[in-house]
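Presented below is the structure to which this report refers.
The values are calculated or read from the model by the stated rules, or taken from the named source; none is laboratory data. Keep in mind that what you see is a predicted model, and the values were worked out from it rather than measured. Using ideal geometry, Cβ is built from the backbone for each residue, glycine included, and neighbour counts are taken over all protein chains shown.
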Amino acid sequence: MAKKREYAFDILRVVAMIMVITVHVSNVYSRSFGVISNNAFLVSLVFNTISRISVPIFLMISGALLLDREFNKEKYLKRLIKFIILIIVWDIVYLIWEYFYLGITYDKLYKLLFEPYRAHLWFLYTILLLYAIQPLLRMIMHKINSQMKIALLVLWLLFSTLSIINYYISVYFTVFSYIGFFVLGKQLYDFIKENDLKKYNIHLIITMIICFIISIFLNYSTSLKYHMFYNFYFAYRVPFIMLPAFAFYILIISNYQKDTLNKIIMKLSDLSLGVYLIHGIFLDVTVKSFMYPTIHPIIGIPLFVIFIFICSIISVYLLKKIKYLKNIV
């Protein structure tokens, strides 16, 4: 019997997809610190901060779906091969795109074995790693008891907090933070389904607001102090990003329990990976065609996000109609 589709995940994917684009658009503004006014810089940080929960949400959704499945060797290998192909294809796509459109020459091809050509493609490398160790993670989570799971969660949150004040912990904890999101996505999902958490809506919203304010304040004040865009507190491993990601994940899943969903949202959800992969091209187009600093971010960020989102959706939709290209998006 086919597993029932979790429509809350579709909503989360669409929101996270828009947030990813928002992060990259607002980053253009944030990196213009000193060129744009402090007011405009602060606005860019607001958009940037709120949207940072997008990647943790994607990781939690993946964990909730994959750690709930019985191990199937054929599907497992197929999934790994798919992401290896995606990494190779999209590294090449952006390499060619930047050469012809931006005039950028890349002469260190050997590095592509260890790091993505474009920064946002790091997510493919991370997902590949998580998919590779998924059987091990699933086995561990089924073997340990509830007390051990809670202990691991507390330890994870402790290292997250320590990563703020210790550079070495922040460096080595990064990968484990991704694994934590992946595992916690499944654990949180099960907990949400077993308990009525709607009564905590206001608490979750307040948690998100407080964490966002703290993150904005820390990044803004530190940037002013060092006279440069300082984004340390945007890291996904930092509690001020982790906690609102958990809160938003819980809010959507616990409050959307319907058996139906708007078909447009479902279709957009199915296109989310492709949009993530291709949106960098349209980001480049806007950056090259418009002087971002001359347009106030309160206007520019929403406009550019909408433009990139629409162009990406149309492109991925059309690519999926082509037999030999549909599997790369």
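Residues that are among the aromatic types (Phe, Trp, Tyr), modelled with pLDDT of 95 or more and under 16 Å from Gln134 (Cα atoms) within segment 29-86 comprise just one, Phe58. Restricted to segment 296-329, and to residues that are in a loop (DSSP other than H, G, I, E, B) and in contact with a helix residue (DSSP H, G or I) (Cβ under 8 Å, 6 or more places away or on another chain), which residue is farthest from Leu271 (Cα to Cα)? Selected residue: His296.
Within the set Ser37, Ser44, the sole residue that is of a type in the set (Ser, Thr, Tyr) and buried (at least 20 other Cβ atoms within 10 Å of the Cβ) turns out to be Ser44.
So is Asp68 outside any helix (DSSP H, G or I), surrounded by fewer than 23 Cβ atoms within 10 Å (Cβ to Cβ), among the acidic types (Asp, Glu) and touching a helix residue (DSSP H, G or I) at 6+ places or on another chain (Cβ under 9 Å) or not? Against the criterion (outside any helix (DSSP H, G or I), surrounded by fewer than 23 Cβ atoms within 10 Å (Cβ to Cβ), among the acidic types (Asp, Glu) and touching a helix residue (DSSP H, G or I) at 6+ places or on another chain (Cβ under 9 Å)), Asp68 qualifies. Against the test of being modelled with pLDDT of 95 or more and farther than 30 Å from Ile96 by Cβ, the options Ile252, Ile306 yield a single qualifying residue, Ile252. Test Val287 against the criterion of being within 16 Å of the chain's Cα centre (by Cα) and of a type outside the set (S, T, N, Q), and give yes or no. It is false that Val287 is within 16 Å of the chain's Cα centre (by Cα) and of a type outside the set (S, T, N, Q).
A Cβ distance below 7 Å, combined with a sequence gap of six or more or placement on separate chains, defines the contacts here; from segment 197-214, residues that are part of a loop (DSSP other than H, G, I, E, B) reach residues that are surrounded by 13 or more Cβ atoms within 10 Å (Cβ to Cβ) in the pairs Leu197/Ile250; Leu197/Ser254. Just give me the residues in segment 26-61 being on the phi < 0 side of the Ramachandran plot and either small (Gly, Ala, Ser) or touching a Cys at 6+ places or on another chain (Cβ under 7 Å) (or both), in sequence order. Matches in segment 26-61: Ser26, Ser30, Ser32, Ser37, Ala40, Ser44, Ser51, Ser54. Pairs are defined by a Cβ separation below 6 Å, a sequence spacing of at least 6 or placement on different chains, a first member in segment 49-63 that is under 16 Å from Ala8 (Cβ atoms), and a second member that is assigned to a helix (DSSP H, G or I) and of a type in the set (D, E, K, R); the pairs so defined are Gly63/Lys186. Does Val275 satisfy the criteria of being farther than 28 Å from Ser315 by Cβ and touching a residue at least 60 places away in the same chain (Cβ under 8 Å)? For Val275, the condition - farther than 28 Å from Ser315 by Cβ and touching a residue at least 60 places away in the same chain (Cβ under 8 Å) - is not met. Taken together, Ser177, Ser223 contain a single residue that is in contact with a strand residue (DSSP E or B) (Cβ under 9 Å, 6 or more places away or on another chain), part of a helix (DSSP H, G or I), in contact (Cβ under 8 Å) with a residue 40 or more places away in the chain and not aliphatic (A, V, I, L, M), which is Ser223. Here are Ile104, Ile96: which of them is outside any helix (DSSP H, G or I), aliphatic (A, V, I, L, M) and either in contact with a Phe, Trp or Tyr (Cβ under 6 Å, 6 or more places away or on another chain) or farther than 30 Å from Leu243 by Cα (or both)? Ile104 is the lone residue from the list that is outside any helix (DSSP H, G or I), aliphatic (A, V, I, L, M) and either in contact with a Phe, Trp or Tyr (Cβ under 6 Å, 6 or more places away or on another chain) or farther than 30 Å from Leu243 by Cα (or both). Across segment 278-312, the number of residues qualifying as touching a Leu at 6+ places or on another chain (Cβ under 7 Å) and crowded, with 23+ Cβ neighbours inside 10 Å comes to 1. Just one of the listed residues (Phe123, Phe191) is exposed (fewer than 15 other Cβ atoms within 10 Å of the Cβ), hydrophobic (A, V, I, L, M, F, W, C) and in a helix (DSSP H, G or I), and it is Phe191.
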